[in-house]
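Visitor: I have a structure I would like to understand better, so I am pasting it below and will then ask my questions one at a time.
The values are calculated or read from the model by the stated rules, or taken from the named source; none is laboratory data. All values reported here derive from a predicted model rather than from experimental measurement. Using ideal geometry, Cβ is built from the backbone for each residue, glycine included, and neighbour counts are taken over all protein chains shown.
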Amino acid sequence: MECYHCATIHPELTDVLPEFTDGYAAQYYVGHGAEFGEGVRGFTVDGSEGFGRLPEVSDGQDRRYYAVTVRPTVFVNLVPDHVILHRMFPMAEDRTVVECDWLYAPEVVASGADLSKSVELFHRVNVQDFAACERTQLDHGVPGLPRGRGAGADRAPHRDLPRVAARSARGRPRLGPVVTLPSSARRAGLAASGPRPATARDAGTCASP
């Protein structure tokens, strides 16, 4: 996964993961985890301390960020104290719904701890990325212009474009710009929470005008 956009649009993320300013990403070789910056105590919006480690996170994996892409529509982000799960649902050639869950150990959520600084970091990354994705696809609604093409790793989505375009042609409704909707969720023994009371998820809509 490339990360050459991080230095220009993700100031909060690169403060925590300074190697991202060099264009590297946590997946640039198998098993690599991006190390937290000097003085950063946790994966939080201000670098403050997070929560205890998740089970089976080793000493060597502490203070590191790991990422896995399940192509073409799932991202899994692992930090010492929580997991961030993105799922993308193509709705039309110009619209994708993105659901993002923050997953914490049940005892962390049960304690009533304030998770806002922890969740806020990737919430900001989401909003920044949604806006960037929309800007890169502005030609989708312009007749006669050639369509853009992604990186080589995007071959699977390109194979799906005819199917998605056909669904769009059947008149599925278009959604508006990026939105953030609260809800609650529990997944696989881990409890999810978010920056506002009872908030567990960012539900973002990436839509080209």
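Visitor: Counting just the residues of segment 44-71 that are touching a strand residue (DSSP E or B) at 6+ places or on another chain (Cβ under 8 Å) and over 14 Å from GLY33 (Cβ atoms), which one comes out surrounded by the fewest Cβ atoms within 10 Å (Cβ to Cβ)?
Guide: Step by step, filter segment 44-71, then rank; the result is VAL70.
Visitor: Let me ask something else about it. Anything in segment 40-82 that is part of a strand (DSSP E or B) and closer than 25 Å to ASP114 by Cβ? List them, or say none. Can you show your working first?
Guide: Step one: of segment 40-82, the residues part of a strand (DSSP E or B) are 64-70, 74-79, 82.
Answer for segment 40-82, where residues must be part of a strand (DSSP E or B) and closer than 25 Å to ASP114 by Cβ: ARG64, TYR65, TYR66, VAL76, ASN77, LEU78, VAL79, HIS82.
Visitor: Taking the conditions exactly as written (modelled with pLDDT of 95 or more and either among the acidic types (Asp, Glu) or surrounded by fewer than 17 Cβ atoms within 10 Å (Cβ to Cβ) (or both)), does GLU19 satisfy them or not? Don't jump to the end; show me each part of the working.
Guide: Numbers: modelled with pLDDT of 95 or more: no; either among the acidic types (Asp, Glu) or surrounded by fewer than 17 Cβ atoms within 10 Å (Cβ to Cβ) (or both): yes.
In short, no.
Visitor: Would you be able to say whether some residue in segment 55-66 is touching a residue at least 12 places away in the same chain (Cβ under 8 Å), of a type in the set (A, V, I, L, M) and within 20 Å of PHE130 (Cβ to Cβ)?
Guide: Checked against the condition, which is being touching a residue at least 12 places away in the same chain (Cβ under 8 Å), of a type in the set (A, V, I, L, M) and within 20 Å of PHE130 (Cβ to Cβ), segment 55-66 yields no hits at all.
Visitor: Could you tell me which of the residues VAL127, VAL98 is of a type in the set (A, V, I, L, M) and either free of Cβ contacts under 8 Å to residues at least 40 places away in the same chain or touching a strand residue (DSSP E or B) at 6+ places or on another chain (Cβ under 7 Å) (or both)? Walk me through how you get there before you give the answer.
Guide: Details: VAL127 fails: either free of Cβ contacts under 8 Å to residues at least 40 places away in the same chain or touching a strand residue (DSSP E or B) at 6+ places or on another chain (Cβ under 7 Å) (or both).
The conditions single out VAL98.
Visitor: Identify, from the list ARG149, ARG155, ARG163, ARG135, the residue that is loosely packed, with under 15 Cβ neighbours inside 10 Å, modelled with pLDDT under 95 and either in contact with a His (Cβ under 8 Å, 6 or more places away or on another chain) or hydrophobic (A, V, I, L, M, F, W, C) (or both). Explain how you work it out, then say what you get.
Guide: Numbers: ARG155 fails: either in contact with a His (Cβ under 8 Å, 6 or more places away or on another chain) or hydrophobic (A, V, I, L, M, F, W, C) (or both); ARG163 fails: either in contact with a His (Cβ under 8 Å, 6 or more places away or on another chain) or hydrophobic (A, V, I, L, M, F, W, C) (or both); ARG135 fails: either in contact with a His (Cβ under 8 Å, 6 or more places away or on another chain) or hydrophobic (A, V, I, L, M, F, W, C) (or both).
Exactly one residue qualifies, and that residue is ARG149.
Visitor: List the number of the failed condition for VAL30; all other conditions in (1) aliphatic (A, V, I, L, M); (2) in contact with a strand residue (DSSP E or B) (Cβ under 8 Å, 6 or more places away or on another chain); (3) part of a loop (DSSP other than H, G, I, E, B) hold.
Guide: (2)
Visitor: Could you list, in sequence order, the residues of segment 64-99 that are among the charged types (D, E, K, R) and under 13 Å from the mean Cα position of the chain (by Cα)?
Guide: ARG87, GLU99
Visitor: In this structure, does GLU107 turn out to be at pLDDT 70 or above, loosely packed, with under 12 Cβ neighbours inside 10 Å and part of a helix (DSSP H, G or I)? Give the derivation first.
Guide: On the way: at pLDDT 70 or above: yes; loosely packed, with under 12 Cβ neighbours inside 10 Å: yes; part of a helix (DSSP H, G or I): yes.
Yes: the conditions hold for GLU107.
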